[in-house]
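Enquirer: My structure is below; once you've seen it, I'll send some questions.
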Amino acid sequence: MSENPSPLSDAEQTTPTPSGRRSMRRLLPMLGVGNLAVFAFYLGIGAVLLPLQVQALTPGDEQAAVANLGVVSGIAAVFGTVFNPIGGALSDRTRSRWGRRNPWILGGAVAGFLLVFVLGYADSLLMIVIGWCLAQGAMNLHQAALTAVIPDRVSPGMRGTAAAFMGVALSLAGVVGTGLASLFTARLPIGYIVLGGLVVAVAVLMTTLTHDPRGDELPERGAVASASPAAAFGRFLSALSHRNFALVFVGRALLFLGYFLILGFQFYLFDYFIELPAGMEPAAAVTVFTMVTAVGTIVVTAVGGPLSDRLDRRRLFALVAGSASALAMLIPYFAPTWGGMLVFAVVNGGAFGCFMAVDTALATLVLPNDADAARDMGVLNIAAAGPQIIAPFIASAIILHLGGYGSLFLVGSAVGLLGALALVFVRGVR
């Protein structure tokens, strides 16, 4: 695998000039709010609404609920994995009067809303699978274009700060998403509508209040850009031939796999494994757990992202934060109590949130070519979406056949630590 060329040299010729500091005052908060809405959608549905909807199909049957949730989550994540780079490539190629990213940011949000509106009324496993698959696909078209805004419009010297806004948004998204979802545990369709509507509202604000370069403001891409869609699809994975990009991809994939082994089944962890305080329901436990996680994430990420910019040490920050996140997963294994889960929430929340912020900034600095930023960031997002495909199947197998819920934390920690260590071998970026 070859070393990555400097992304700045490519960007000078192929992408619009990054926004100045004044425009950052509007863009960075909107990036944060945009990501908050996206992940509130994912986490509210995935952590509360979907498990309840699946559980209602086989009331009282824990094994069936675990297996069915694994099937729904795993198959739907395939759609997310495929549609993210497709959405990125399509937005890279778009030249319109409304901009390059805006049509996909707004269009994907509207499509996702319509699909979860229907999903809320699904009353069979097949319909739930189809609805959530299509909704994942639409939302990944939206997310791919939103993610590409950083390499498009944020200068390299401010990308750690921009990623910190996104990291803080991710932690708040858990609180907002699970909090809203928990309000509608008896009225699931309304919960789906509220979370989908939030994404649409923020997409409207993002596309209205920030400037996305129009078609006549963008340089022509030449013969490569005019290739057929089939040829473009064949180039999706070309970035993985670059050593640094591939290592960042592997590191993110393994850390996300360890994380989602636990996150994807947190509702059932609180329902069947952790002894909750008297009177606390699993949905409420998820919300409290998420709020405590958010506190740790916000404090650490708000400091870590800008500090990584100031010290110019993205790789080091990502390595330390990723290792801490992985090791934190051992806490509930040795202390499988409500108190142990709260300690885990603080430590893991802060570490994983900081990793996400700094790793996103690191990723933008190892892009092979900024002209294909959305496509390659979409490929990198496979490292986040891909583990969501296999994590439910692996987790359900561990729960049912390989040691139960406690073993999830052991496996998650080991896998995540391997992912963090992959970043040791990234070269040329500190």
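Enquirer: Output the residues belonging to the stretch 124-149 that are touching a residue at least 60 places away in the same chain (Cβ under 8 Å) and surrounded by fewer than 20 Cβ atoms within 10 Å (Cβ to Cβ).
Expert: Ser124, Leu125
Enquirer: Might you check whether a residue that is surrounded by fewer than 19 Cβ atoms within 10 Å (Cβ to Cβ), assigned to a helix (DSSP H, G or I), touching a residue at least 40 places away in the same chain (Cβ under 8 Å) and among the charged types (D, E, K, R) occurs anywhere in the stretch 95-111?
Expert: no
Enquirer: Filter the stretch 170-210 for residues that are free of Cβ contacts under 8 Å to residues at least 12 places away in the same chain and part of a loop (DSSP other than H, G, I, E, B) and give the result.
Expert: First, pick out the residues of the stretch 170-210 that are free of Cβ contacts under 8 Å to residues at least 12 places away in the same chain: 183, 186-187, 208.
Result: Leu183, Ala186, Arg187.
Enquirer: If you scan the stretch 140-183, which residues turn out to be closer than 19 Å to Ala283 by Cα and out of contact with any Phe, Trp or Tyr (no Cβ under 8 Å at 6 or more places or on another chain)?
Expert: Ser171, Leu172, Val175, Val176, Thr178, Gly179, Leu180, Ala181, Ser182, Leu183 - these are the residues of the stretch 140-183 that are closer than 19 Å to Ala283 by Cα and out of contact with any Phe, Trp or Tyr (no Cβ under 8 Å at 6 or more places or on another chain).
Enquirer: Would you mind telling me which numbered condition in (1) free of Cβ contacts under 8 Å to residues at least 40 places away in the same chain; (2) crowded, with 24+ Cβ neighbours inside 10 Å Arg25 fails?
Expert: All conditions pass for Arg25, except number (2).
Enquirer: Separate question: Considering only residues that are touching a Leu at 6+ places or on another chain (Cβ under 6 Å) and more than 17 Å from Pro392 (Cα to Cα), which ones fall in the stretch 402-419?
Expert: Leu418, Gly419
Enquirer: I'd like the full set of residues that are buried (at least 19 other Cβ atoms within 10 Å of the Cβ) and assigned to a helix (DSSP H, G or I), limited to the stretch 112-123. Walk me through how you get there before you give the answer.
Expert: Keep residues of the stretch 112-123 that are buried (at least 19 other Cβ atoms within 10 Å of the Cβ), which gives 112-113, 115-116, 119-120, 122.
If the condition is that a residue be buried (at least 19 other Cβ atoms within 10 Å of the Cβ) and assigned to a helix (DSSP H, G or I), then Gly112, Phe113, Leu115, Val116, Leu119 are the ones that fit.
Here's the yes/no breakdown for (1) buried (at least 16 other Cβ atoms within 10 Å of the Cβ); (2) at positive phi; (3) at pLDDT 95 or above:
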{"site": "Leu172", "(1), (2), (3)": "yes, no, no"}
{"site": "Leu195", "(1), (2), (3)": "yes, no, yes"}
{"site": "Leu198", "(1), (2), (3)": "yes, no, yes"}
{"site": "Leu209", "(1), (2), (3)": "no, no, no"}
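Enquirer: Scan the stretch 367-378 and tell me whether some residue there is of a type outside the set (A, V, I, L, M), within 26 Å of Leu69 (Cα to Cα) and either modelled with pLDDT of 80 or more or crowded, with 21+ Cβ neighbours inside 10 Å (or both).
Expert: yes
Enquirer: Could you count how many residues in the stretch 249-291 are in a helix (DSSP H, G or I), more than 17 Å from Ser182 (Cα to Cα) and of a type in the set (Gly, Ala, Ser)?
Expert: 3
The values are calculated or read from the model by the stated rules, or taken from the named source; none is laboratory data. Being a predicted model, the structure only gives us computed values, none of them experimental. Note that we place each Cβ from the backbone using ideal geometry, even for glycine, and neighbour counts take in every protein chain shown.
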